[in-house]
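The values are calculated or read from the model by the stated rules, or taken from the named source; none is laboratory data. On a predicted model such as this, the values are computed, not experimentally measured, just so you know. Note that we place each Cβ from the backbone using ideal geometry, even for glycine, and neighbour counts take in every protein chain shown. Surface accessibility is based on the protein's heavy atoms, side chains included, excluding ligands, DNA and RNA. Shrake-Rupley method; radii C 1.70, N 1.55, O 1.52, S 1.80 Å.
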Amino acid sequence: MPIQQPSNQIKLTNVSLVRLKKGKRRFELACYKNKVLEYRQGIEKDLDNVLQIPSVFLNVSKGQTAPTAELQKAFGKDAKVDDIILEILKKGELQVGEKERTAQLERVHAEVISIVAAKLVDPRTKRVYTPGMIEKALDMLSSQAHSTGTPEVKSGTETPAAGEDSEGGKPQALATPKHHWTGVVATKSAKSQALDAMKALIGHQPIPVARARMKLRVTCSTAVLKQSAKGPKKDAEDGEAKAPGTVKDKILSFVEQIESQDVLGSEWEVVGYVEPGAFKGLSDFIGSETKGQGRVEVLDMAVTHED
């Protein structure tokens, strides 16, 4: 006579587990590989494509499903199984195999390199670097961070020499950039890690890099242009406050390079390039000073030369 398998045991193989500890018990879901991350990122919305079986387990490897009494004790008497599954999917810890972790890390790594390569340029030529060169530069920073704890700053940057300040007078400790790079991780988004990578590359300069400039179109009513801008303007040489310039002067002070400038009827228009860090200041100024009679339009987020 064959041995009967207990009714609350279900054999599953080739799964990714999502575990959540609630109260004193641990609950598990049996999911298809790689689908949990897609669900959390909003790519996959059909739970049938995420769950191998729509049940909550105490132990997936043993095929032991969670009794209703245990679910009610942990999640509440009124909790429905579907709501419990959603809570575990959203809050639970994803358990994946070594191959899946490696594949996920490689995907994030490739995306980070792609984003950084598209946003940084050689400041002298304004040309982009190849993904391979960006990857090597980040590897240099990562190796330095793991070996010394703090990546070194390339000589020739604006950091004052040890023992001197910027005027060569008073002793001063050697300044070190705040941003460090230790490598890509699979637990953070590619965008946030790409931002960290760019800050580290710009701060340490293993290769000459700068953020690619933005191309903007600024339009403003000619009636506003000659009005005085609010707030004092500091002289670049002696730091003394001067009388504020006009709204037009202030707008042009944000623009690093002007491509065109024209008056069309009652509107003044300028197209030019600005550093990404200046965009917010320009946008805030337009919003506060022009009283709705000016606007900023982004024509290109990152202007580069690829040839």
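Remarks
- Dividing the alpha-carbon radius of gyration of region 45-140 by the rule-of-thumb value 2.2 N^0.38 Å gives 1.78.
- Measuring with a 1.4 angstrom probe and ignoring ligands and nucleic acids, Lys136 comes out at about 140 Å² accessible.
- Calculated FRET efficiency for the pair Lys191/Asp46, C-beta based, R₀ 30 Å, to 0.05: 0.70
- For region 85-91, the Karplus equation 6.51 cos²θ - 1.76 cosθ + 1.60, evaluated at θ = phi - 60°, returns couplings of 4, 5, 5, 5, 4, 7, 9 Hz by residue, with Gly and Pro reported as x.
- Among the listed pairs Lys230/Lys291; Lys33/Lys73; Lys35/Lys191, those whose Cα-Cα separation exceeds 18 Å are Lys33/Lys73; Lys35/Lys191.
- Taking label points 7 Å from Cα along the Cα-to-Cβ direction, Arg107 and Ala278 give a separation of 4.0 nm.
- For region 62-119: accessible area per residue (Å², 1.4 Å): 63 Å²
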